[in-house]
Amino acid sequence: MRIKIAAALASICLFGVLGNTWAEEPEPTGSAFCLTCHDTEDMPDMTGMVHGPSLRKTPPMKAAAEALASRVMGDTSNPRAPTCISCHGESKEHSHKPDNVKTEIKPDRTFGKVFGKFSTNDANERSRVCQGCHDRDPTRLLWEGSPHQAADVACDNCHQVHTNRDKVLRRTSEAEVCYTCHKAQRVQMNKPSHHPVPEGKMTCSDCHNVHGSAGPMLAKRDNFNDTCYTCHAEKRGPFLQQHSPVVEDCANCHSAHGSTIAGMLKVRAPMLCQQCHTPHVTGSVGALGGQSGVFSPAAAGQAVPQVTRMSSGLNVVNMWQGRSCLNCHSQVHGSNSPSVGTPLMLTR
């Protein structure tokens, strides 16, 4: 009985002290005031992100109690961290709705979907809010005029702020966000020969700088080849015998996002090679279908067929029957082996 009385007296004293403290506390300001309405259901845990170091996963609190909590949590725990007002503006009519207004008033600046509808602020305005803090990163210097900016893509189209798990910032889920717009690349990545993006070993930002680039198609380097060489350094050379299409652009032969052909080639050999190179011939047999001597029997002016079972393997018929140039020319990216004829770099 004495224990119960003592506990009751302790509770009265404790709540009396807190009650006086709450009564003396003014109305909370800044993010603390936002938390009086926006509980954890619409304000998820952000404690692991720099955008919300002063927020914690707690149920909604009374205004006076929140003022006390804000003093404990501290909006100034990280002076560089933004507050709700930093992004959404003062939003006075949203936080203190006028008496003569019945409908919900949106904050001064909204992002993504608000009340089931997309933000009324245009993409550039929304991105400028983010750039207020993120404009010093050298990877974002070329955002203005970049393909994404020109297409009215804003930061919040890809990034999530009110979460500890922004999908774009995780290698295993980044591509999923990109695929919401780039559906053709999703299909290509699901083809048999592809970069290991579906397996989580690579992601889109390994090759592309989505915030702007001087290279084509937002490549991280100034051209496709330099971007590819960041991983495929053995293909860079220099080689004694250069292969002109390789030096010009890797994409001449390869489909970077995926292909049904091994090595992510655009076309199977020998057809790929014959887009530039005339096939080997035997005994002055014509190189292209339809020219005299390509098919037996002998064409007019020829005494006997020149492509027979006794001909060597270097002829048009055998080439088109599936023999690949790569059986002999294995170093197609360049070679230091001496050439018995015209150097490879001069042949087409």
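Full extension of the chain segment joining V153 with K191 gains 10.9 nm, where the gain is 0.36 nm per residue of separation less the Cα-Cα distance. In this simple spin-label approximation, K235 and E176 carry label points 7 Å from Cα along the Cα→Cβ vector, and these lie 3.0 nm apart.
Peptides 138-149, 210-221 ordered by packing proxy, namely the average of other Cβ atoms within 10 Å per residue, highest first: 210-221, 138-149.
Taking 22 Å as R0, compute the FRET efficiency from the Cβ-Cβ separation of T120 and E93 and round it to 0.05. Using R0 = 22 Å, I get an efficiency of 0.90.
Bear in mind these aren't lab numbers, they're just calculated from the coordinates by the rules spelled out. Just so you know, these numbers come straight off a predicted model, no measurement behind them. Reconstructed Cβ throughout: ideal geometry from the backbone, glycine too, with neighbour counts over all protein chains shown.
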